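The block underneath contains the structure these notes are about, expressed in structure tokens.
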Amino acid sequence: MIARYSYKPIFQYKFRPFAPDGGLPADGGFTVILYENGILSFSTYDAQGFFLDELCFSLPGRMLQYYYSLLRNAVSWLPSTPNDLRGGEKSLYGSSFAFDGYDPIRVFSMNALLCEPCGNPAGFFARHLYVLFEDICNLLTEYGITLSMDGFTWDADRIRPFRKSQLTASAPQRGVI
């Protein structure tokens, strides 16, 4: 079962691979969710899309401040981004991005969209979305977490994951972590 928290998600990224032959992919991808209390959740899925596991990471409050400043910088284009962006070729994976206060954005064939010529609206939004995602990834890197379009790892010497069952009723509040 997917863990539920009383805190609101403020960022979510989903990666779902597709098999090139139309069969089942090797795995079912992952989801990363950043909550308003600074907890980052990383969940994995099997090839049929069933939940496998979840690890959590505690991030400092200043990371959330940086995240919100990135969102403020995106206010000129993010509200008008289509909820569905598709490149012309068959995609090997799908991605979904959700940012605090905005509808989720599904993207297929991100690499093809990034190469669209200037003036193409889908390419414009895909490039902006990719840069925002990359900026968020750079923030996470500062705390020992490496997130990419198709992967998630962490530096065990810098940050330690924990399980939801380790959360207590006195879970840290925003800015206290």
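The values are calculated or read from the model by the stated rules, or taken from the named source; none is laboratory data. Fair warning: this is a prediction, and the values are worked out from it, not measured in the lab. Neighbour counts are summed over all protein chains in view; Cβ atoms, including those assigned to glycine, are modelled from backbone coordinates with ideal geometry. Note: accessible area is taken over every heavy atom of the protein model, side chains too, but ligands, DNA and RNA are not part of it. Shrake-Rupley method; radii C 1.70, N 1.55, O 1.52, S 1.80 Å.
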Note to self: Just to confirm a number: summing +1 for Lys and Arg and -1 for Asp and Glu over residues other than Ser80 whose beta-carbon lies under 15 angstrom from that of Ser80, what do you get?
What the structure shows: -1
Checklist line | Accessible solvent surface per residue of the chain, calculated while the other protein chains remain in place, 1.4 angstrom probe, Å² | finding: 53
Item checked: For the chain, built as a Gaussian network whose Cα springs stay under 10 Å, the top-fluctuating residue of Thr31, Thr153, Thr44 -> Thr153
Notebook entry, point to check: Which cross-chain or sequence-distant (5 or more) residues have an amide H under 5 Å from the amide H of Tyr93, H modelled 1.01 Å from N in plane?
Noted result: Phe18, Ser109
Next item on the list: Leaving ligands, DNA and RNA out of it, report the carbon-plus-sulfur percent of the accessible area of region 1-106 at a 1.4 Å probe.
Entry: 54
Check: What angle do you read, to the nearest 10 degrees and between 0 and 90, between the alpha-carbon axis of helix 61-73 and the longest principal axis of the chain?
Finding: 20
Check: By a straight-distance test (C-alpha under 28 Å), which lysines pair with Lys90 as possible cross-link partners, with residues fewer than eight away in the same chain excluded?
Finding: Lys14
Notebook entry, point to check: Want the number for Thr44 to Thr146: 0.36 nm per residue separation, take away the alpha-carbon distance, what's left?
Noted result: 35.2 nm
Check: Quick one: Cα centre-to-centre distance for region 64-96 and region 121-135, in angstrom?
Finding: 6
Check: If eta is 1.567 mPa s and T is 4 °C, what Stokes-Einstein diffusion coefficient results for region 32-79, Kirkwood Rh from Cα pairs, in µm²/s?
Finding: 103
Item checked: Helix-derived mean residue ellipticity, 222 nm - over the chain, DSSP H n ≥ 4, -39500 (n - 2.57), to 500 -> -7000 deg cm²/dmol
Check: Heavy-atom accessible area of Lys164 with all protein chains present, probe 1.4 Å, nearest 10 Å²?
Finding: 90
Checklist line | the chain shape via C-alpha gyration tensor axes, a/c threshold 1.5 | finding: oblate
Item checked: Quotient of Cα Rg and 2.2 N^0.38 Å for region 67-153, N being how many residues it contains -> 1.08
